[in-house]
Amino acid sequence: MRIGILGAGGMADALGTQWARAGHTVMISGRDAGRSTARADKMRAEARRTLPTQASAPQASAPQASAPQTSSAQMAGGAGGVVVAGEADVRAGTWAEAARFGEVVMVAVREAGLVDVLQAAGASMRGKPVIDVTNAAAPDRYDPTRPIARLIRDLTGGHVVKAFNLCHVDVWRMTPPVFGGRPLAVPLCGDDPAAMDTARTLVADLGCTPLNGGGLDRAMQLEATAAFVIGLWFGGADAQAILPPLASSGTHGQG
Ligand SMILES: NC(=O)c1ccc[n+]([C@@H]2O[C@H](COP(=O)([O-])OP(=O)(O)OC[C@H]3O[C@@H](n4cnc5c(N)ncnc54)[C@H](OP(=O)(O)O)[C@@H]3O)[C@@H](O)[C@H]2O)c1
């Protein structure tokens, strides 16, 4: 699929490279055309250098295009797991070009520039899946009365899905992100079923497990969670240690 990314920084690089490697065509965008083009060139080279081979491709035993956890590589590869990743294409454009280009658009800019960028991106995100990875500028600067995801929905008219905001950019460079033998679960909050399906595919393309986090009204909880755990990490605490496993969570989630 064509993925437009508003952003040419770390998150655009990490996730865009993964998706290019999985066979998507990616356009990133930033404030400086030369810098964005250099970044796109680097991403394309990295994605092509690390294209999955038949031996390392995910094995798809029963590929179904509509299955929520089916990755693009699996869909392209069929039962044999042979990845047809195309040319791993990454290019750069303006904010408006990336917004127009994407069948899905990811918003990956600093909060300080968010409104300006969305205004420059124009109206072409209306009705499209919009993946929102943004967090507050700092943990103590998050304002739960002004959810970022809702602002993005209001300014774009897109079908916003909040995702990928809980983990550091280096996690999104891992192939795949697996901790203690368990693939990383990625919570998704959004209202539109088709946009949620698109987000699930993009999560599966990383080798992660999509997790339904509820509607867009719950995106502010994801944003607040990010602010909270980032605050713990900044303080040197192991934020992963604060939650018990499902088996020790009472009756919740066992129905
Ligand atoms: N880094 C992480 O670990 C991480 C993890 C989860 C979520 N996030 C969130 O993802 C978003 C992108 O993070 P990132 O790590 O990719 O940031 P980054 O590397 O600093 O890149 C920021 C991007 O925002 C653009 N931008 C537009 N207006 C800006 C302004 N006024 N000030 C600063 N940048 C501006 C930059 O444009 P130029 O390309 O022209 O510089 C750049 O493309 C942020 O909202 C962040 O909170 C980050």
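Charged neighbours of residue 122, selected by a Cβ distance under 10 Å, balance to +1 (K, R count +1; D, E count -1). Each listed q (0.07, 0.09, 0.12 Å⁻¹) maps to a log10 I(q)/I(0) for the range 2-237, found by the Debye formula over equal Cα scatterers with no solvent: -0.20, -0.34, -0.62. Of the residues 4, 20, 234, the one whose Cα sits farthest toward the positive end of the charge dipole of the chain, with +1 on the Cβ of Lys and Arg and -1 on the Cβ of Asp and Glu, is 20.
Solvent exposure of the chain amounts to 49 Å² per residue of accessible area, where only protein heavy atoms count and the probe is 1.4 Å. Taking the 1.4 Å solvent-accessible surface of the chain as the whole, the part contributed by carbon and sulfur is 54%. Using the Cα centre of the range 136-255 as the reference point, and only Cβ charges (+1 on K/R, -1 on D/E), how large is the resulting charge dipole? Debye, rounded to the nearest 20. Here the range 136-255 has a charge dipole of around 60 debye.
Averaging 1/r over every pair of different alpha carbons in the range 115-238 and inverting the result gives a Kirkwood radius of 15.0 Å.
Highest mean first, the peptides 13-26, 165-178 sorted by other C-beta atoms within 10 Å per residue fall in the order 13-26, 165-178.
For residue 159, the residues 5 or more places off, or on other chains, whose built amide H falls under 5 Å of its own are 127, 128, 130. For the pair residue 248 and residue 120 in one chain, pulling the backbone fully straight at 0.36 nm per residue adds 41.3 nm over the alpha carbon distance. Between the residues 148, 168, 179, the greatest Cα displacement towards the positive end of the dipole of the range 138-179, with unit charges on the Cβ of Lys, Arg, Asp and Glu, is found for 148.
With Rh defined as the Kirkwood radius, the inverse of the mean 1/r over Cα pairs, the Rg/Rh of the range 183-246 is 1.02. Extension gain for residue 237-residue 211 works out to 6.9 nm (0.36 nm per residue, less the C-alpha to C-alpha distance). The phi torsions of the range 34-47, fed into the Karplus equation with coefficients 6.51, -1.76 and 1.60 and a -60° offset, translate into couplings of x, 5, 5, 5, 4, 5, 4, 4, 5, 5, 4, 4, 5, 5 Hz, rounded to whole numbers, with Gly and Pro shown as x.
Extension gain for residue 191-residue 224 works out to 10.0 nm (0.36 nm per residue, less the C-alpha to C-alpha distance). Taking the chain as a Gaussian network of alpha-carbon nodes connected by springs under 10 Å, the highest mean-square fluctuation of the residues 101, 234, 164 belongs to 234.
The values are calculated or read from the model by the stated rules, or taken from the named source; none is laboratory data. Quantities reported herein were computed from a predicted structural model and do not represent experimental measurements. We place every Cβ from the backbone using ideal geometry, glycine too, and count neighbours over all the protein chains shown. Surface areas here come from the heavy atoms of the whole protein model, side chains and all, with no ligands, DNA or RNA. Shrake-Rupley method; radii C 1.70, N 1.55, O 1.52, S 1.80 Å.
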